[in-house]
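Written below as structure tokens is the structure these notes are about.
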Amino acid sequence: MSDLETLEAEINTAIAGADSEAALEDVRVAALGKKGSVSEKMKTLGKMSPEERKEMGPALNGLKNRVGEAITARKELLKEEALNARLASETVDVSQPLRTTPAEEGRIHPISQVTDELIAIFADMGFSVAEGPDIETDELNFTALNFPEGHPAREMHDTFFFNEKEEGERMLLRTHTSPVQIRAMKSQEPPLRLIMPGRTYRCDSDQTHTPMFHQLEGLVIDKTTHIGHLKGTLEEFLKAFFEVDDVELRFRPSFFPFTEPSMEVDVKCDRSGSEVKIGTGNDWMEILGCGMVHSNVLRNCGLDPDVYQGFAWGIGIDRLAMLKYGMNDLRAFFDADVRWLKHYGFRPLDMPALVSGLSK
Amino acid sequence: MKFTLSWLKDHLETDASLDEIVERLTLIGLEVEEITNPADRLGTFKIARVLEAEQHPNADRLRVLKVDTGEGEPLQVVCGAPNARKGLIGVFAKPGDYIPGLDVTLSVGKIRDVESHGMMASERELELSDEHDGVIDLPEDAPVGTPFVAYAGLDDPVIEIGLTPNRSDCASVFGIARDLAASGLGTLKTPQKTQINAHSNANDLKILLDLGDSPEHCPAFGYRVVRGIKNGPSPKWMQKRLVAIGLRPINALVDITNYMTFDQGRPLHVFDADKVSGDLTVRHGKAGEELVGLDGKTYAVDENVVVIADDNGLESLGGIMGGESTGCDENTTNVVIESALWDPLNIARTGRKLGVSTDARYRFERGVDPAYMVEGLEVATKLVMDLCGGGEASDAHVVGEVPQEERIIDFPLSEVKRLSGLEVSHGEIKAILSLLGFWVAGNGDVVKVSPPSWRPDVHGKADLVEEVMRIVGIDKVPTATLPRMEPISQKVLTVSQIRRSNARRALATRGMDEAVLWSFIPKAHAEHFGGGNPLLSLANPISADMSDMRPSLLPGLLSAAQRNADRGYADVALFEVGQVFENDSEKGQKMVIAGIRRGTAKPTGSGRHWSGNAENIDVFDAKADAGAVLQSIGAQVNNLMVFTDAPSYYHPGRSGALKMGPKNTLAYFGEIHPKTLEALDIEGPLVAFEVFIDAVPQPKKKATKSKGALNAADLMPVKRDFAFLVDSSIPVEKLLKAAKGADKALITNVNLFDIYEGQGVPEGHRSLAIDVTLQPTKKTLTDEDIEAVSNKIVASVQKATGGTLRG
């Protein structure tokens, strides 16, 4: 082995042995620095004969280049190893659970969600949303709606009253959202298509009755709408709301002071299990009351019953929620038990819309 | 209204099955609520004969029977009934049978050491009557071994219909049969006119009407005296029907009045004539007068109550209930039978006032057929004479006059199509109305129609349409679709409705749960939150905890938080979007969005977590919630002023109000005052906010929806930090505004990044550190430019707050 070969082998061993960038720099300086072993050899070239130089020149240059490359390669490797070591040391346990994002935690109450669902359906059919006060006069809650003074139908409403005022007037908590119908018919020109969601009150309490509950009434007034339209509207509404392909309805003659003819509507369902299934089965379940607006009511609102006609209906929002989403105790709706709210409530970004399906 | 199938068939000739009848009843508006058949629960009981009856060896009052049940060996039965005897034919229940009256299922038992393999049943044990003095004792010819229900005719379904208040005509079995017949389900059996052999001289009792200026309270009073009768139990067939519909047989006279009430919808009263002193007068009551009714209760009457009185005082609440002192018992021999008309409104008012519900009141307040008043008296008289051993009847007398009301409706036959959409021929319309008993006259497109006397509910054209439609069948009405009003659905929500919806979802995305709480709260809570207005106190609350309309959403939310805490859920964040009440007017009802956070229910999460434990909620969480709501409903939150005059239920030093000008409050927020916690008996920490959405100005209509061009500068923004020493009483907001206002063109943002009190800062002062963002638009800022702005900021802050730059 020549001197140069021996030197190269020594330097390569040193490069391989350098385990840090600093050690490698030491090797570089020892070989290629001003007084390095390779540089010292290069300096001898000047004193050589042209023949010797011709032989040794390329050999030394080759050595210098190879050593330089080896050092660069080693440097890259060391850098890579150092990065790997750093990354390894930075490892975390990504299985650590996160806090739930607030938007996943919060819930919309089923009454609000179902009301939004109902609005989505009826808005598509051209209905606007009307509202009115909870504290009403006897006139708007009863008299204008054709409940004669002292009529037993008034008693069926289990009304909450306020104390009589000095002038003898006694305010009450509306027993239905129908006073809003009167307000609307008195203040707006037909044609009217309105839904009226809101709180209503009756002095009653058990598993399916609470002293406060929510109603959605609908009203259509124009010059042509008849019971056929009423049937069609309710059928389409129930289909859309329960998100089923078909519903079968049974209309029974009934009585409400503010409509004539009046009907109660049963929906075909399956009550065999613990939950009611709409759109299938062989049972009937009463679901709403409706009818053609009574001529006296129209007259009370300044509309000529021989010119204007239309229908109205009323349905329980809470009850619709119970039927669709399977709650069995109405009282729990108003208890604000977070376990119930988390279970039956809806995610804030799940806004009901017909285009995306009312519910997930 | 309850009746049995066989009872119905007394009046209706029909081949229809029970199912068909039930379905038709529902379709014509007489909704069937329940069908029960006693045979279903008594089907196992058989007729059996007692072969032997020996004294029980160990008990004086018991006997040991050998009973022939019609199959197999005779069975040994221990029996305690006094009438258990050899040869008795009775009703036998075997082990395994359910005894409804005892609510037990029989098993083989040992009674005083003697085995018993069943029992002989009493009527009460089978729920047939209250009779329990002995076991059922059947006639000799009762077929042993056959089912008792078949022999006793108990296989008779009981149908209960839910009667709507307008259909008083169907508060009787006859009326129901009449309606079914009109619907084509059979033929009504029209009763013969009743003839009574009367003796005009048998009447020595007068009825006087003395109702002053309201004679309509009792327009007519029919009566008759019957003498020499014998009152005892009513016949079995009548008792069976009364029991089937839940009435208790008492004696023949009482049972007859009950029977007439249900069979014909004609309430009657029978006085024991011998207990009546002098004449009977129908008059208004007087304050202080009292009547002990047949139910044993005492009723105090007043000037609005119509009573029947004799020389001894009150004897009856007219049309509602008779009195105890002139009631009929087993010794009654002479009676006055009353069949009268009473004013529906006055009956309803009286019944409500006195809190008395009777079958008579039920019918009179809905309307009883006036035309049947006299005939009802005749039928009742006949029943009394038939069932109470003859007697001698006086002539029927009518005091007052049965009103002859003529209701004629001009009925365009096209109304049926106009209101119902149903195509029915003129002939068919007229035929249906006639079948229902309406008088119809005329041949044109408009006919004259008069409703029968038993239909007080029919007044107008729409009523007639309903009659036609319910008989034709609502299912025959073709379904139609409402025509679209607009090609594309329009915006249908008001600003307030949209705001509520947005706020709801904004709060839920902040981790809060929406609650819906009672509109009424305990009075003490209402008062603590500024309510308690007597106008807002319910006269008839369902409970003391629900007595007053809420002046704020917070009492409900705070109480709800405590309920959750009591269940082990201490960290809750709840909100409600709902109405509060300032007074009882429409404007006094306001929409509010309010929320509470309890414990560590921070918007970022609650409780402990490896990434950092949540601290207790504080006033700034509530402020952030209020801000989020305001933002979501379109308020310019950055322009609002913060005041510190929140209501007294908030912590005075940790609460605030967000206002547009000093008078328009948009929101309150803060920690709940310790006294409030005490008043509501709840525990904190609790923070709350209330946003008054109606106070936020309505959005301005804009000409275009364009957001305009984006004006983003090309030059780099520059940030500079400042620290000011400021008196601690100066609100931070003042300093920030001063800094921001120092150069409105250049300064785009001022951010408070540190508040420091303590070493190095004089007592009573704070160090407030801000960074200010300068956004040049035309040229890069030079050091001189920046220096100039900095000086302006320092000067502006100093002027506004007295603060100095911290060295």
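Laboratory data are not the source of any read-out in this text; all were calculated from the coordinates shown. All values reported here derive from a predicted model rather than from experimental measurement. Using ideal geometry, Cβ is built from the backbone for each residue, glycine included, and neighbour counts are taken over all protein chains shown.
Things to note:
- Hits among aspartates and glutamates - C-alpha to C-alpha of B:K744 under 20 Å, sequence gap 8 or more where chains match: B:D714, B:D721, B:E733, B:D771, B:D783, B:E784, B:D785, B:E787
- Net +/- balance of residues flanking B:A788 in space, Cβ distance below 13 Å, scoring K and R +1, D and E -1: -3
- Taking a Cβ cut-off of under 9 Å around B:I409, the surrounding Lys, Arg, Asp and Glu residues balance to a net charge of +1, with basic ones at +1 and acidic ones at -1.
- Taken over the stretch B:284-437, lysine pairs spaced eight or more positions apart, or on distinct chains, with alpha carbons under 21 Å apart number 4.
- Taking 0.36 nm per residue of sequence separation and removing the Cα-Cα distance, the A:E286/A:S356 pair yields an extension gain of 22.3 nm.
- Mean partner shielding of peptide B:497-510, defined as the number of other chain Cβ atoms within 10 Å of each residue Cβ, is 5.
- Farthest positive-ward along chain B dipole, Cα basis, beta-carbon charges - from B:G578, B:T14, B:N751: B:N751
- Placing pseudo-labels 7 Å out from each Cα toward the beta carbon at B:V446 and B:A795 gives an inter-label distance of 9.0 nm.
- Pairwise label distance in nanometres, B:H609 with B:N664, each label 7 Å out on the Cα-Cβ vector: 3.8 nm
- Set of lysines near A:K79 by C-alpha distance (under 25 Å), chain-local residues within fewer than 8 positions excluded: A:K64
- Working ranking of peptides A:269-281, A:104-116, B:369-381 by packing, defined as the average number of other Cβ atoms within 10 Å per residue, highest first, is A:104-116, B:369-381, A:269-281.
- Cβ-defined net charge surrounding A:S295, 11 Å radius [Lys, Arg +1; Asp, Glu -1]: -3
- Between the beta carbons of B:E401 and B:A150, assuming R0 = 51 Å, the FRET efficiency works out to 0.50 to the nearest 0.05.
- Think of the protein assembly as shown as having a plus end and a minus end, set by charges on the Cβ of Lys, Arg, Asp and Glu; of B:T187, B:V335, B:A480, B:A480 sits farthest toward the positive end of this dipole.
- Euclidean distance between Cα centres, the stretch B:371-391 to the stretch A:281-337, Å: 46 Å
- Each label was represented as a point 7 Å from its Cα along the Cα-to-Cβ direction; for B:D721 and B:T494 these points are 5.3 nm apart.
- Using C-alpha pairs below 8 Å separated by at least 6 residues, the relative contact order for the stretch B:718-805 is 44 percent.
- For the stretch B:217-256, the residues whose amide N sits under 18 Å from a probe point set 7 Å from the Cα of B:T36 along the beta carbon direction are B:239-249.
- Applying both filters, DSSP loop and at most 16 other Cβ atoms within 10 Å, to the trypsin sites (Lys or Arg not before Pro) of the stretch B:275-347 gives B:K286, B:K297.
- A Gaussian network model of chain A, with springs between Cα atoms under 10 Å, assigns the largest mean-square fluctuation among A:L32, A:L145, A:L238 to A:L32.
- Sparsely packed loop sites in the stretch B:399-476 (the GluC sites (Glu not before Pro) outside DSSP H, G, I, E and B with at most 13 other Cβ atoms within 10 Å) comprise B:E401, B:E405, B:E406, B:E423.
- Chain lengthening between B:A712 and B:S6 when straightened (0.36 nm per residue, less Cα-Cα): 245.1 nm
- Annotation: extensible slack from B:K587 through B:K417 equals 56.9 nm (criterion: 0.36 nm per residue apart, minus Cα-Cα distance).
- Relative contact order [Cα under 8 Å, 6+ residues apart], chain B, whole percent: 8 percent
- Förster radius 56 Å - calculated FRET efficiency between B:V637 and B:K297, Cβ distance, rounded to 0.05: 0.30
- Neighbour counts of C-beta atoms inside 10 Å place B:V492, B:V592 in the sequence B:V492, B:V592, starting with the fewest.
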